[in-house]
1. Per residue of the stretch A:311-328, in order, report the coupling 6.51 cos²θ - 1.76 cosθ + 1.60 (Karplus, θ = phi - 60°) as ³J(HN,Hα) in whole Hz, putting x for Gly and Pro.
2. Taking a label point 7 Å out from Cα toward Cβ, give me the nm distances from residue B:150 to the same spot in the other copies, shortest first, one decimal.
3. Based on the Cβ-Cβ distance from residue B:362 to residue B:25, what FRET efficiency comes out when R0 is 22 Å, to the nearest 0.05?
4. Measuring from a point 7 Å past the Cα of residue B:86 along Cα-to-C-beta, which residues in the stretch B:20-53 have an amide N at less than 20 Å?
5. List, in order, the whole-Hz ³J(HN,Hα) value for each residue of the stretch A:264-269 obtained from phi through the Karplus relation with A = 6.51, B = -1.76, C = 1.60 and θ = phi - 60°; use x for Gly and Pro.
6. Report the FRET efficiency, 1/(1 + (r/R0)^6), for residue B:257 and residue B:156, where r is their Cβ-Cβ distance and R0 is 35 Å, rounded to 0.05.
7. Can you compute the helix-only [θ] at 222 nm over chain A? Use -39500 (n - 2.57) per DSSP H run of at least 4 residues, normalise by all residues, nearest 500 deg cm²/dmol.
8. Per 20 Å bin, what is the whole-percent P(r) computed from every C-alpha pair distance within the protein assembly as shown?
Number of protein chains: 2
Amino acid sequence: MQFDLQHTDAKSRARAGTITTDHGQIQTPIFMPVGTAGTVKAVHQRELKEDIKAQIILGNTYHLYMRPGLDIIEQAGGLHKFNGWDKPILTDSGGYQVYSLADNRKIVEEGVHFQSHKDGSRHFFTPESIMDIQRTIGADIIMAFDECTPYPCEYDYAEKSMHMTNRWLDRCINRFDETEGKYGYSQTLFPIVQGSVYKDLRTQSAEYIASKEREGNAIGGLSVGEPAEDMYEMTDHVCGILPTDKPRYLMGVGTPANILECIALGVDMFDCVMPTRNARNGMLFTTQGIINIRNEKWKDDFTPIDPELGGYASTFYTKGYLRHLITSNEILGAQIASIQNLTFYLWLVGEARKQILNDNFASWKETMVKKVSQRL
Amino acid sequence: MQFDLQHTDAKSRARAGTITTDHGQIQTPIFMPVGTAGTVKAVHQRELKEDIKAQIILGNTYHLYMRPGLDIIEQAGGLHKFNGWDKPILTDSGGYQVYSLADNRKIVEEGVHFQSHKDGSRHFFTPESIMDIQRTIGADIIMAFDECTPYPCEYDYAEKSMHMTNRWLDRCINRFDETEGKYGYSQTLFPIVQGSVYKDLRTQSAEYIASKEREGNAIGGLSVGEPAEDMYEMTDHVCGILPTDKPRYLMGVGTPANILECIALGVDMFDCVMPTRNARNGMLFTTQGIINIRNEKWKDDFTPIDPELGGYASTFYTKGYLRHLITSNEILGAQIASIQNLTFYLWLVGEARKQILNDNFASWKETMVKKVSQRL
């Protein structure tokens, strides 16, 4: 993997760059649609490519390990071959789902014991097994196995956890560096900064992660319930420590406003279930602001969903029709809203990139944060 | 509406024709995907047109009347404008849903009292109100308000019901002929033959319906649980009475084999929820036969779903991937399987048409019925 930093905004730390993987290039800043179980929910692969213009998607190691299982993915020739997405893929480490979904989890130095939330089966994840699993899934970018601390989190717990995450990182790196990709293309490993909302822990963690000199770095443990100000403060602080010549990935963030603010702080990569999950509940992100399409006011609005955004779903279907579909629990409603929201997220980071290249990001961001946050 | 009968097969009663409406032409024999509440479930409008190659879709009057409601459809400018489908639409009369879905229904000479299955609200449908409702929905082809008798059905009940359906037909025709389409294009009314599985009742009904000389005729009250032999016998009998120069629509039929057999008997139009409903449950109709994609045997089959059928969904996605999606209850599974099944149904009637035009339908049908009915 290669990262070329092309430009940094004149009045912020916002950056424009290009990541090159064996499955193609990614223009940063970028948003990565979440394809939990090998599918971005309610969206066809060609829609991801042609309508949404996604450049990289995410897969969840926990879900893929449970279903369809590693044997199937390996027989298919890796996740790209299995789901037909031939552009870059990033997988998380599965840790977040173990902590948020699984039953009877027990974290020990060696790894994490847990039971499947689906069938109660018992499993044990270790830094080494998670590297092997992600080798088999075959994502271009894979994540270190960490503990994502909840919010709020006691200082002592956060400190101990962060040190364990660091020890686990060493084990991840050892295993990763002594193994190879299975399908003829290269993979890269991103370590993850932890430390909850404690600045000194974040400093220690970021310095440790930076010292490993991997090809990219991630910031975890944020967007887990803390105030946005804390998230911004920690992100700002960590971005000041992580090397500038490598991409920075802020995990699980966030609203359109969160993304714009964190681009300004020097983040290059984002992922979040919000655009797809909220779409299925009828919350639309548009170039004009946020729409709750279930609201009665849209029932006889026969204007296109988001004409300024462009594209099939946003210009062909009307707000009134989409409201009918969503309130009637019709699958097509989830399909249309998911395309709308993801197209908007990709548009937003693409516009941010243009503004960065024009040294106009900071002032554009101020206007845009207000616009995309307003409720219509 | 105009119907041009182009050719009748040399060795069966199978016919190839063209129906012309103000929203375009339909090549018969044709299958009409069911778009219950203004959406063919899990399928985008452009997929219906470009991938599935649907020429006409169905709308359900009962569902559309309940949601979004007539005021919204009228404000949108009719169903075509509301859902963006600009090719022909046919609406049923709502009667079938009143009998199968609604609560506390009471049939009287004047019409049917019932309560909504969704919110318990009370409603009263009459032949006149159903004409007005379908005028407002704005389908190109609308159906008479009938009673669809269940199976089994006592002879006395079937006889009385058939006579009431005939009286209701007169009221439908009176109301229809004294009103006009609301949106600047013409609509046409199809009467419906009833009579359960009693040949003499079917004779009376078909003769009565034929005497009305409408632009097309429908056969109802079949595919409601009776043996396939009874369905074929009644269809054969009724097709012998209905005029040859008008399209014949067999309502709610059926499996691929049912459709081929009834084309041979002289039916021109079909609709059924089977391809979409069964798709969502993992049952695939393919050019090679029927697949239960939930079956373990498909989990590591990484061949395309139906390469011979062609098209995006059938050639891009593999059986193993689709099995994973369906068993994981992923929306994309319903999307892919729905496109596969509808594309297959439209391909099947298109192939039938070619064979009819080549005077080769009867023998092709014998081979094809076996092929499309076999379980893979």
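The values are calculated or read from the model by the stated rules, or taken from the named source; none is laboratory data. Quick caveat: nothing in here was measured; it's all calculated off a predicted structure. Counting neighbours? That spans all protein chains shown, and the Cβs are built from the backbone with ideal geometry, glycine included. Heads up: the accessible areas ignore ligands, DNA and RNA and are worked out on the full protein's heavy atoms, side chains in. Shrake-Rupley method; radii C 1.70, N 1.55, O 1.52, S 1.80 Å.
1. x, 4, 4, 6, 10, 7, 8, 9, 4, x, 5, 5, 4, 4, 5, 5, 5, 8
2. Label-point separations across copies, in nm and ascending: 5.2.
3. On the way: r = 26 Å, r/R0 = 1.18.
E(calc), rounded to 0.05, equals 0.25.
4. Only B:20-27, B:38-40, B:44-53 fall inside the zone, counting backbone N under 20 Å.
5. In residue order, the calculated couplings are 4, 8, x, 8, 10, 9 Hz.
6. On the way: r = 33 Å, r/R0 = 0.94.
Calculated value: 0.60.
7. On the way: 15 runs with 159 residues, N = 376.
Helix contribution divided over all residues of chain A: -12500 deg cm²/dmol.
8. Whole-percent P(r) values from 0 Å outward: 16, 42, 28, 13, 1.
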